[in-house]
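For reference, the structure is listed below as structure tokens.
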Amino acid sequence: MDFIRKQVDTLKKPFTKGGKLERLYPAFNAFETMLFVPNHTTSKGSHIRDGVDLKRTMITVIIALVPALFYGMYNTGYQYYIQTDIQFTFIDAVLHGAYKIFPMIAVSYAVGLAIEFAFAVYRNHPVNEGYLVTGLLIPMIMPIDMPLWMLAISVIFAVLIAKEAFGGTGMNILNPALTARAFAFFAYPTFMSGDKVWVSEASNVDGISGETILGTLAANGEVAYSSASMFMGSIPGSVAETSVFFVLIGALLLIITGVGSWRIMLSGVIGASVVGILFNLWGANSLMSFEWYNHLLVGGFAFGIVFMATDPVSAAQTTKGKWIYGFLVGVFCILIRVFNPAYPEGVMLAILLMNVFAPLIDHYVIETNVSMRRKRWRDVKLETT
Amino acid sequence: MSKDISIKAGANLNLKGLASTELEVAKMSLDYALNPDDFFGLIPRMLVKEGDKVSLGQPIFHDKNNESIKIVSPVNGKILEIVRGAKRKILNVIIRKEGDTSINYKIPNLSSISKDKIMELLVESGSLAYIRQRPYNIIAKPDRLPKSIFVSIHSTAPYAADYGFILKNRMDEFQNGVNVMSKLIGKPINLSISYNCESDFSILNNVELYKIKGVHPSGNESFQINRIDPLNSGEIIWVIKPEDLANIGSFFITGIFNPRRTLAVSGECLRSPKYYDTIIGSSISSLVDSKELSSIEDYRFINGDPLSGSKVEYSDFLGYYNNTLSVIKEGNQYRMLGWLPFIYNSVPSLSKTSLSWLLGGQKKVNTNLNGEERAIVVTGEMEKYFPMDIFPMQLIKACMTGDIEKMESLGIYEVVPEDFGLVDFSCTSKIEAQEIVKNGIELMLKEVG
């Protein structure tokens with residue numbers, strides 16, 4: 001360790017004050033602090049500090065994403081081989097998935113981090129860790145066959161417009177990863193919907209019909225999958241959103257470590273269930289009569305509610321607000337699915353919509369507290385006069 | 001009869017090296033110092049010059065804006081030096097102890113003493129400095145009496161002194177202080193003790209007794225006030241530290257200002273952390289010598305507890321109010337890949353991203369920041385360590401933007417910086433919450449008063 005530290009110190013010299021590369025210090029700092037927690041000691045406030053920092057929090061989210069990502073790789077290969085009737089093993093499926101997914105992850109990180117570093121150097125502040133999670137989330141919620149240039153443009157849009165324009169990590173109103181997804185969805189609509197994008201190579205190989213369940217439902221078709229396969233995730237869909245089981249493993253880690261808000265997750269499930277049950281009772285069309293518990297299993301609902309809705313920056317920030325926010329995400333997700341078949345997947349739009357309303361929810365929660373305090377003041381004044 | 005109060009959120013840090021309940025009379029300090037920074041909001045105007053002879057209880061400086069707020073000498077001696085910093089700011093008034101004279105006041109019979117006379121004696125003797133006023137935690141102003149007085153025996157901060165132990169042999173003086181103060185405001189004072197301890201305090205007269213059940217920060221007066229008698233806009237509450245109340249009680253027996261200070265000296269690096277009986281403003285070297293700590297290099301001395309105390313050098317002096325002196329190792333080392341979750345579990349953490357909470361036992365700490373400051377990202381974290389009906393994060397943001405109206409409506413009157421000690425500690429983004437709130441309160445003091 002001492003040896004590595006010495007090497008880093010030597011490398012650091014040109015980046016420190018007065019050095020040739022002084023302006024690039026934030027970029028160097030990002031790498032240095034990745035390798036070593038710095039030797040900074042407290043100067044103001046509490047003299048002792050918790051071991052946790054933003055890096056640890058973000059890495060915990062990434063660890064929580066790994067099971068879903070790994071299953072996504074397998075499922076990508078599985079969908080491809082099963083539809084093309086080629087004999088395959090587990091390893092083949094994973095390798096095919098990895099071959100398709102790793103370039104997407106690499107592009108997402110390379111493009112996104114380049115912008116983050118550029119802004120950090122330009123504004124002379126340390127590189128924030130937020131993009132470590134966003135950069136992995138973006139490829140996980142895209143269709144597998146998305147051209148890399150399209151992915152790159154989506155990332156640029158998300159980081160520049162959704163995040164840096166508002167002041168960077170911690171200041172954004174919309175979840176950056178979902179903004180990338182929404183951008184791709186609206187900018188390349190023919191590519192982002194239909195039945196040719198959800199299974200690897202579907203547009204090149206004739207035999208593949210890769211329609212998603214929600215797409216089938218929106219077109220009034222029959223669903224050919226059981227609840228069990230929806231839960232395990234062996235269905236067509238975006239890269240890593242299909243398996244509820246593996247998403248739940250991640251959710252468990254987020255809840256145990258306290259990194260993700262269980263309140264948002266639980267209230268989201270309650271909201272979606274309530275609306276789903278109501279629609280089941282109504283049952284006017286195939287989307288309405290689609291069992292409410294299957295609504296929780298298909299599409300990106302589970303992934304969205306666990307990893308996207310809980311993004312602390314764009315979600316509601318007060319405890320009460322989180323309950324309301326999560327509940328409404330669930331409600332709107334099913335509403336959009338059922339009432340607007342042009343957008344078969346409602347969770348993305350539901351979360352983005354509630355991102356916009358989260359500050360309003362918080363405002364009213366805080367106002368209640370303020371008016372309670374002001375009432376107490378008034379009561380005392382009345383007593384004394 | 002006592003009332004039970006349960007304060008739910010928070011956490012005890014359980015640091016290694018807590019002072020054992022063993023009292024030693026400290027070595028006599030050669031020099032004593034008064035530091036104007038110990039008195040929040042006070043702008044000192046000196047009443048003595050270098051070389052002047054001063055008696056115990058003689059005013060050394062008073063507040064520029066209010067002459068009745070005066071700080072008196074804790075010893076008899078002569079002014080050795082007035083240490084000034086940038087812009088001639090007074091950093092320390094150092095007094096060398098010589099001889100043994102003191103200013104004596106005649107104390108009338110306490111059963112027939114008037115409120116005005118009590119106040120006059122508090123002001124003249126300098127004992128008023130022992131009383132602090134909420135909002136803002138400034139020295140009490142003598143022109144207005146508070147709606148109630150709070151004294152908390154229940155102390156929960158890491159390394160906090162045990163007031164039951166400190167006052168064991170001073171119960172008469174403490175009761176006398178209670179009597180005088182309750183006479184002054186015409187009602188019993190609010191005394192809070194820990195839930196599970198049947199102590200000598202439960203048989204006192206003129207007190208309203210509360211038993212507090214809860215971990216840190218339930219020992220901070222703000223959280224108790226919020227539950228017992230919340231502070232409203234325009235109201236005043238006084239807060240007195242238990243030993244200071246005994247000192248006031250002692251003054252109303254002897255007529256001499258009592259500067260006694262019993263101090264818990266804690267730290268994992270100390271050979272035998274214990275309590276010392278000494279005087280306000282004593283030098284730190286009179287408490288921690290080379291027998292206790294072989295080398296002072298790489299250690300930080302803190303007047304107060306590690307969460308909210310103030311950093312001092314070994315050559316400095318004790319603060320005016322602190323009953324705790326903490327010694328902690330400086331953490332100026334790198335930690336390779338230290339941000340990995342579940343790896344460095346020996347670093348204390350309230351977050352579940354470390355197994356620290358599972359390990360139990362007493363924790364070793366140092367002053368490493370354990371990361372870098374970032375924008376606030378994680379939400380719902382501060383609320384866990386702030387058991388009051390106030391939104392801590394929103395209040396901190398209001399303080400950052402200096403929005404007075406917002407600060408007021410979010411409850412700035414009810415808090416003091418030290419209430420945010422655990423928020424500082426646990427914050428993922430390493431926000432300096434106490435500093436931000438302190439600046440906010442300073443702004444309120446200046447703009448609203």
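The values are calculated or read from the model by the stated rules, or taken from the named source; none is laboratory data. The structure displayed is predicted, hence computed values, not measured ones. All Cβ positions, even for glycine, are placed from backbone atoms using ideal geometry, and neighbour counts span all protein chains on display.
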Checked the range B:105-139 for anything over 28 Å from B:Asp38 (Cβ atoms) and among the β-branched types (Val, Ile, Thr); matches are B:Ile113
Return a yes/no flag: does the range A:350-368 have any residue that is polar (S, T, N, Q) and in contact with a Gly (Cβ under 9 Å, 6 or more places away or on another chain). no
Just to check your reading of the model, which residue among A:Tyr80, A:Tyr99 is under 33 Å from the mean Cα position of the chain (by Cα), without any contact (Cβ under 8 Å) to a residue 60 or more places away in the chain and closer than 30 Å to A:Ser229 by Cβ? A:Tyr99
Inside the range B:402-426, can you point out the residues that are more than 22 Å from the chain's Cα centre (by Cα) and more than 17 Å from B:Ser222 (Cβ to Cβ)? B:Gly402, B:Asp403, B:Ile404, B:Glu405, B:Lys406, B:Ser409
Considering residues of the range B:9-63 that are among the acidic types (Asp, Glu) and in a helix (DSSP H, G or I) only, the residue farthest from the other protein chains (Cβ to nearest Cβ): B:Asp38
Scanning for something out of contact with any Ser or Thr (no Cβ under 6 Å at 6 or more places or on another chain), in contact (Cβ under 8 Å) with a residue 60 or more places away in the chain, surrounded by fewer than 20 Cβ atoms within 10 Å (Cβ to Cβ) and farther than 22 Å from B:Thr21 by Cα, does the range B:302-325 turn up at least one residue? yes
Filtering the range A:133-146 down to residues that are away from every other protein chain (no Cβ under 11 Å) and among the hydrophobic types (A, V, I, L, M, F, W, C) yields A:Leu136, A:Leu137, A:Ile138, A:Met140, A:Ile141, A:Met142, A:Ile144, A:Met146
Sort out which residues of the range A:32-62 are at pLDDT 90 or above and more than 7 Å from every other protein chain (Cβ to nearest Cβ), and write them in order of number. A:Met58, A:Val61, A:Ile62
The residue that is surrounded by the most Cβ atoms within 10 Å (Cβ to Cβ), considering only those in the range A:13-46 that are more than 30 Å from B:Val437 (Cα to Cα) and among the charged types (D, E, K, R), is A:Glu32
Residue that is touching a His at 6+ places or on another chain (Cβ under 9 Å) and either part of a helix (DSSP H, G or I) or modelled with pLDDT of 90 or more (or both), where the choices are A:Gly276, A:Gly250: A:Gly276
Only unsatisfied item for B:Gly214, checking (1) of a type in the set (Gly, Ala, Ser); (2) away from chain A (no Cβ under 14 Å); (3) without any contact (Cβ under 8 Å) to a residue 12 or more places away in the chain, is (3)
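Yes/no per residue for (1) surrounded by fewer than 21 Cβ atoms within 10 Å (Cβ to Cβ); (2) away from chain B (no Cβ under 14 Å):
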residue	(1), (2)
A:Gly72	no, yes
A:Thr76	no, yes
A:Tyr81	yes, yes
A:Thr84	yes, yes
A:Gly97	no, yes
A:Ala110	yes, yes
A:Val127	no, no
If we scan the range B:332-346, do we find a residue that is crowded, with 20+ Cβ neighbours inside 10 Å and either closer than 30 Å to B:Asn232 by Cα or among the β-branched types (Val, Ile, Thr) (or both)? no
Please work out if B:Leu293 is modelled with pLDDT under 95, within 14 Å of another protein chain (Cβ to nearest Cβ) and more than 24 Å from the chain's Cα centre (by Cα). no
Spans of helices (runs of 4 or more DSSP H) in the range A:290-385 with at least 3 residues β-branched (Val, Ile, Thr) and at pLDDT below 95: A:319-339, A:347-384
Could you grab me the full set of residues in the range A:152-172 that are away from chain B (no Cβ under 14 Å) and surrounded by fewer than 20 Cβ atoms within 10 Å (Cβ to Cβ)? A:Ala152, A:Ile153, A:Ile156, A:Phe157, A:Leu160, A:Ile161, A:Ala165
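Here is a yes/no grid of residues against (1) assigned to a helix (DSSP H, G or I); (2) at pLDDT below 90; (3) outside the structural domain of A:Phe70 (by TED's automatic domain parsing); (4) under 21 Å from A:Leu349 (Cα atoms):
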| residue | (1), (2), (3), (4) |
| --- | --- |
| A:Val127 | no, yes, no, no |
| A:Leu136 | yes, no, no, yes |
| A:Pro143 | no, yes, no, yes |
| A:Ile153 | yes, no, no, yes |
| A:Leu174 | no, no, no, yes |
| A:Leu178 | yes, no, no, yes |
| A:Ala184 | yes, no, no, yes |
| A:Val199 | no, yes, no, no |
| A:Val205 | no, yes, no, no |
Just for the range B:257-301: of the residues that are part of a loop (DSSP other than H, G, I, E, B) and touching an Asp or Glu at 6+ places or on another chain (Cβ under 6 Å), which one is surrounded by the most Cβ atoms within 10 Å (Cβ to Cβ)? B:Leu270
Within the range B:237-256, which residues are at pLDDT 95 or above and assigned to a loop (DSSP other than H, G, I, E, B)? B:Lys241
Check off (1) in contact (Cβ under 8 Å) with a residue 12 or more places away in the chain; (2) among the basic types (Lys, Arg); (3) farther than 16 Å from A:Gly271 by Cβ for A:Arg373 and give me the number that stays unchecked. (1)
Being within 26 Å of B:Lys187 (Cβ to Cβ) and either in the same structural domain as B:Asp389 (by TED's automatic domain parsing) or among the hydrophobic types (A, V, I, L, M, F, W, C) (or both) narrows it down to one of B:Ala264, B:Ala246, so name that one. B:Ala246
